[in-house]
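Okay, structure first, notes after.
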Amino acid sequence: DAKTTQPNSMESNEEEPVHLPCNHSTISGTDYIHWYRQLPSQGPEYVIHGLTSNVNNRMASLAIAEDRKSSTLILHRATLRDAAVYYCILRDVDTDKLIFGTGTRLQVFP
Amino acid sequence: DTEVTQTPKHLVMGMTNKKSLKCEQHMGHRAMYWYKQKAKKPPELMFVYSYEKLSINESVPSRFSPECPNSSLLNLHLHALQPEDSALYLCASSQDGGGTHYGYTFGSGTRLTVV
């Protein structure tokens, strides 16, 4: 399973944009990049995913590097409710596995 | 209905007990998963069911026994557990077995304590 590397923690102020980086230098051509977040005392929540092109949805944007060896999850205006652990995961098209790495703990300050 | 429902939310069991965790979804998803999460650690994949058949067992000890009676229901039967098995057990589903184009939907988990 291809691995991802994320910073252990990041901080942001409320209403500021947040850029959460993820390195995945061993990504294969068929791996999808998935992002999930886990709020305290809850199960993980799907945020966004993509293959090659940048993606936007109501929760966030995903910027994927041209060589696909890294990606960035963008929260456009952080709120206190965005405080969570954010996981960047590579989803292998040949197996049905979603393998979590250690994630980034995001703190948001008022 | 866009949820994965897990019951019970909390469970305390002795090492000689037999208990079951239940997971239900009515989104028509054909793949379902069990994960185990220890405190302050990421979720670890245990089992994958695709179209009601076990497709992946991540070398889980036999004291954990999964069952998928139908496409909406997933059980995890527990027997002779150890205190170190205490954890949050998460169930998830996705639209199809490959699932690459779709995200997973997770339940809120069952917090299990083995005494």
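The values are calculated or read from the model by the stated rules, or taken from the named source; none is laboratory data. Since the structure is predicted, the reported quantities are computational estimates derived from the model, not experimental observations. With ideal geometry, Cβ positions are generated from the backbone for all residues, glycine too; neighbour counts draw on all protein chains shown. In case anyone asks, the SASA skips ligands and DNA or RNA and just uses the protein heavy atoms, side chains included. Shrake-Rupley method; radii C 1.70, N 1.55, O 1.52, S 1.80 Å.
Details
- B:Ser72 versus B:Asn17: modelled label distance in nm, points set 7 Å from Cα along the beta carbon direction: 2.8 nm
- Separation of segment B:1-75 from segment A:34-110 is 23 Å, based on Cα centroids.
- Using θ = phi - 60° and Karplus 6.51 cos²θ - 1.76 cosθ + 1.60, couplings along segment A:7-21 (whole Hz; Gly, Pro as x): x, 5, 8, 9, 10, 8, 9, 4, 6, 9, x, 10, 10, 9, x
- Efficiency of FRET between A:Thr26 and B:Arg63 - r from beta-carbon atoms, R0 25 angstrom, step 0.05: 0.15
- Zone of B:Val115's modelled label, taken as backbone nitrogen in segment B:65-93 under 20 Å from a point 7 Å along Cα→Cβ: B:78-89
- Each Lys and Arg contributes +1 and each Asp and Glu -1, all at the Cβ; summed about the Cα centre of segment B:1-102, the dipole is approximately 340 debye.
- Simple spin-label estimate for A:Thr5 and B:Met27 in nanometres, 7 Å along Cα-Cβ: 3.3 nm
- Projected label distance in nm at B:Ala80 and B:His10, using a 7 Å step from Cα toward the beta-carbon: 2.9 nm
- Compared with the direct C-alpha span, the chain from B:Gln95 to B:Asp1 gains 32.5 nm at full extension, assuming 0.36 nm per residue.
- The order of A:His76, A:His34, B:His77 by accessible area, most exposed first and with a 1.4 Å probe, is A:His76, B:His77, A:His34.
- Positive-end extreme of charge dipole, chain B - chosen from B:Pro83, B:Ser59, B:Ser72 (charges on Cβ): B:Pro83
- In sequence order, segment A:35-43 has phi-based couplings of 10, 10, 9, 10, 7, x, 6, 10, x Hz under the Karplus curve 6.51 cos²θ - 1.76 cosθ + 1.60, θ = phi - 60°, and Gly or Pro positions carry x.
- Candidate lysines - alpha carbon under 22 Å from B:Lys36, same-chain residues fewer than 8 apart omitted: A:Lys3, A:Lys97, B:Lys9, B:Lys18, B:Lys19, B:Lys22, B:Lys53
- Charge dipole of chain B about the Cα centre (unit charges at C-beta), most positive-ward option of B:Val12, B:Gly109, B:Phe47: B:Val12
- For the protein assembly as shown, the antiparallel share of DSSP beta bridges with both residues in that region comes to about 90%.
- Between amide H atoms placed 1.01 Å from N, distances below 5 Å from A:Ile48 occur with A:Trp35, all of them 5 or more places distant or on a separate chain.
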